[in-house]
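The values are calculated or read from the model by the stated rules, or taken from the named source; none is laboratory data. Just so it is clear, the structure is predicted and the values come from calculations on it, not from any experiment. Positions of Cβ are generated from backbone atoms using ideal geometry, with glycine treated the same way; all protein chains shown enter the neighbour counts.
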């Protein structure tokens, strides 16, 4: 086994600090001086360890404010190398196959485990998505990803939550290349039905609503005439 460098050891120890202190997304990490003293290393070592954690999307540094727990929770932007694949239609279809296996179950779990705050956040995102679509604002794709991420988070299954890059890449590809105005309107309605079932704690209803949502969207892939 290779001997770890001091920076790697410090990176591991900072992770321990985060876990032991139960720091959550948006919480501020102790400053470099405090961490260096606590971990008995130099501030430069702490600085390099923070850079490593930042590159892994665990921490984010805000100039003048400090270092915070990243909302990405360690999820990489393209961990599976999807951006390197050229056949976008096949990739989108393949990703939909995976989503059919995962997301109806994720929605079912969300209906069982979502908190009131989770539901409020979902409902807010639904309204924002509809607003951005009506304004032809491409930001709706990012909000769409946030909604599906929130549903996965509400499921309470941390392993499923960490598969979010698969779902997000599918949403990005679909919205950029294969959706249509009709499908956008259907998406708004489908989102509302999914969230309403989750709010009602209707596990089967949420599962079925997500399945219908995915099925409706996949039509655009099977029938190119529906593309924008």
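With respect to the stated conditions, residue 41 is more than 21 Å from the chain's Cα centre (by Cα), modelled with pLDDT of 90 or more, over 30 Å from residue 95 (Cα atoms) and part of a loop (DSSP other than H, G, I, E, B).
Screening residue 26 with (1) over 15 Å from residue 66 (Cβ atoms); (2) loosely packed, with under 12 Cβ neighbours inside 10 Å gives one miss only, at (1).
The number of residues in the stretch 62-90 being within 21 Å of residue 142 (Cβ to Cβ), surrounded by 13 or more Cβ atoms within 10 Å (Cβ to Cβ), at pLDDT 85 or above and more than 17 Å from the chain's Cα centre (by Cα) comes to 1.
Within the stretch 194-223, residues that are without any contact (Cβ under 8 Å) to a residue 24 or more places away in the chain sit with their Cβ atoms under 7 Å from residues that are surrounded by 18 or more Cβ atoms within 10 Å (Cβ to Cβ), at 6+ positions apart or across chains, in these pairs: 212/190. The condition of being buried (at least 16 other Cβ atoms within 10 Å of the Cβ), in a helix (DSSP H, G or I), modelled with pLDDT of 90 or more and at negative phi holds for residue 10. Restricted to the stretch 121-228, the set of helices (runs of 4 or more DSSP H) holding at least 3 residues that are within 17 Å of residue 89 (Cα to Cα) and more than 17 Å from the chain's Cα centre (by Cα) comprises 203-222.
With the structure loaded, tell me whether residue 123 is free of Cβ contacts under 8 Å to residues at least 60 places away in the same chain and touching a helix residue (DSSP H, G or I) at 6+ places or on another chain (Cβ under 7 Å) or whether it fails that test.
Spelling it out, it is not the case that residue 123 is free of Cβ contacts under 8 Å to residues at least 60 places away in the same chain and touching a helix residue (DSSP H, G or I) at 6+ places or on another chain (Cβ under 7 Å).
For the stretch 177-220, a residue qualifies if it is over 25 Å from residue 120 (Cα atoms), touching a helix residue (DSSP H, G or I) at 6+ places or on another chain (Cβ under 8 Å) and modelled with pLDDT under 85, and the qualifying residues are 177, 178, 179, 180, 182, 219, 220. Might you check whether a residue that is modelled with pLDDT of 90 or more, surrounded by fewer than 16 Cβ atoms within 10 Å (Cβ to Cβ) and in a helix (DSSP H, G or I) occurs anywhere in the stretch 53-61? No, the conditions are met nowhere in the stretch 53-61.
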